[in-house]
Amino acid sequence: MKCRKCGNKASVNMRQHKLALCKEHYLEWVPEQTERFIKKYEMFKHHEKILVAVSGGKDSLALWDILTRLGYQADGLYLGLGIDGGINYSHESQRLTEKFANEHNLKLHVVDIEKEYGQPIPVLSEISHRGHGKPCAVCGLAKRHEMNRIARDLGYDVLATGHNLDDEAAVLFGNTLSWSSEYLLRQGPVLPASDGLARKVKPLCRFYEREMTAYSLARGVEYIYEECPFAEGSQSIYYKELLNQLETARPGAKLTFYLRFLEARNRGDLFIEKNMERAHLHSCPKCGQPTSTDDLCSFCRMINKVNSMPAAVLGGEDIA
Amino acid sequence: MVKLVLRNKEYEVKPGMTLLSALQKINILPESVIATREGEMILDDEILKDGDIVKLIAVISGG
């Protein structure tokens with residue numbers, strides 16, 4: 001497969017875009033696209049101060065790298081969760097995040113949950129009896145709380161996270177399965193600031209997870225490859241696997257799922273009963289059956305079209 | 001033979017097939033991995049040669 005831009009051997013193929021690129025052109029394309037999404041969704045401007053939530057994983061480090069390459073003022077925030085899981089998970093992810101910050105001469109804030117609140121995440125979860133035996137609920141809650149606190153206290157204009165399209169599609173899929181209308185109405189690339197809450201943005205929300213992995217590999221970003229020990233068997237991973245099965249059979253399915261949702265949400269088409277009332281039905285002038293158009297109904301239009309065709313197209317016989 | 005490695009699992013396939021065919025043979029979704037050979041990313045249409053060692057990098061993360 002050849003790079004569409006230079007004809008050299010391609011390194012990345014994005015079937016949903018029918019686009020293959022070599023490593024060099026891929027590394028140009030990703031920041032260009034990110035900038036396009038930042039502008040399209042009005043995430044932030046160049047004069048604003050951005051706090052990037054960095055976990056040591058591929059997505060958040062890639063985001064930090066991209067924003068820096070684009071010339072944004074982006075500082076990092078690492079939250080020490082105190083997760084060991086037999087693989088020194090938090091320790092290793094912090095080491096890789098600090099290594100990235102040092103190598104790129106970037107400012108990194110580190111908040112250790114145990115130092116701030118007396119216990120690491122797994123213990124907080126155990127004591128508080130939240131999350132049905134897994135610390136993921138408490139972890140999410142603590143991360144949201146601390147990210148907002150630091151962004152607000154240190155005067156950042158916006159908080160950026162490395163959520164990719166697979167993350168967003170998996171959340172959307174889960175919320176659709178349960179018809180969680182409140183969550184569905186809130187999901188999007190930008191959560192505007194409100195009383196006490198910093199603006200939150202997801203500049204990578206239109207990149208597949210696979211593309212972010214490819215970006216990190218191509219850029220030589222060293223990230224924590226091991227999964228969080230508590231993520232094994234999680235619902236979000238299961239949904240991602242299901243969506244990848246769909247994507248394999250129907251390239252672009254994940255992207256369409258997410259983008260059509262955003263369009264519907266922006267049009268106000270989601271969960272608003274009054275839209276049904278607005279759609280006034282008329283009687284078809286030919287058959288008298290209800291139709292949403294002002295003229296003939298779809299069936300009568302179809303029959304008219306068939307009847308207007310020459311007999312030869314209909315198989316040579318006059319159907320009348 | 002061609003060796004494919006995903007985390008701590010190893011698979012072997014016959015040389016001469018494409019990466020896509022190899023992934024289908026060992027039942028791994030192409031969407032869920034990135035394949036590298038000698039540190040370089042390779043694509044689905046790459047023909048695998050005898051002695052190749054293909055490292056498969058899982059792309060799914062989350063929790």
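All of the numbers you see were taken from the coordinates with simple rules; none came from a lab. The model shown is predicted, which means the values in this text are computed figures rather than measured ones. Note: ideal-geometry Cβ built from the backbone for every residue, glycine included; neighbour counts use all protein chains shown.
Numbers at a glance
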quantity	calculated
Whole-angstrom gap from the stretch B:29-63 to the stretch A:98-169, using each part's C-alpha centre	31 Å
Once the Cα gyration tensor of the protein assembly as shown is diagonalised, semi-axes √(5λ) in Å	42, 31, 21
Summed side-chain charge close to A:Ile87 - residues other than A:Ile87 whose Cβ falls under 13 Å, Lys, Arg +1, Asp, Glu -1	-3
Relative pair counts by distance (%), Cα atoms of the stretch A:1-140, 10 Å bins	10, 29, 27, 23, 8, 1
Helix axis angle, A:298-308 relative to chain A longest principal axis, alpha carbon, degrees	50 degrees
Net charge, A:Ala160 excluded, C-beta distance under 10 Å - Lys, Arg +1, Asp, Glu -1	+3
Förster radius 35 Å - calculated FRET efficiency between B:Lys49 and A:Asp195, Cβ distance, rounded to 0.05	0.05
Partner chain coverage, peptide B:39-46 - average Cβ within 10 angstrom	5
Reachable aspartates and glutamates, given that their alpha-carbon falls under 18 Å from the alpha-carbon of A:Lys240 and they are not under 8 places away in the same chain	A:Asp59, A:Asp166, A:Asp167, A:Glu168, A:Glu209, A:Glu211, A:Glu226, A:Glu227, A:Glu232, B:Glu31
Within 10 Å of each Cβ in B:28-37, the average number of Cβ atoms from other chains	5
Two-decimal ratio, the stretch A:87-234, of alpha-carbon radius of gyration to 2.2 N^0.38 Å	1.13
Residues A:His46, A:His163, sorted so that the one with the fewest Cβ neighbours within 10 Å comes first	A:His46, A:His163
Antiparallel DSSP beta bridges within the protein assembly as shown, percent to nearest 5	55 percent
About the Cα centre, charge dipole magnitude for chain B (Lys/Arg +1, Asp/Glu -1 at Cβ), debye	260 debye
Cβ neighbours within 10 Å from other chains - mean over A:239-245	3
Relative exposure of A:Trp64, A:Trp29, judged by other C-beta atoms within 10 Å (fewest first)	A:Trp29, A:Trp64
Mean Cα-pair separation over length for the stretch A:1-122, i.e. relative contact order, pairs under 8 Å, 6 or more apart, %	18 percent
Percent RCO, i.e. relative contact order, over chain B, from Cα pairs under 8 Å lying at least 6 residues apart	44 percent
Share of Cα-Cα pairs in chain B lying beyond 14 Å, as whole percent	50 percent
Lysine pairs meeting the criterion (Cα under 25 Å, 8 or more apart or interchain), as found in the stretch A:38-159	24
Nearest-ten-degree value, helix A:136-153 long axis tilted from longest Cα axis of chain A	80 degrees
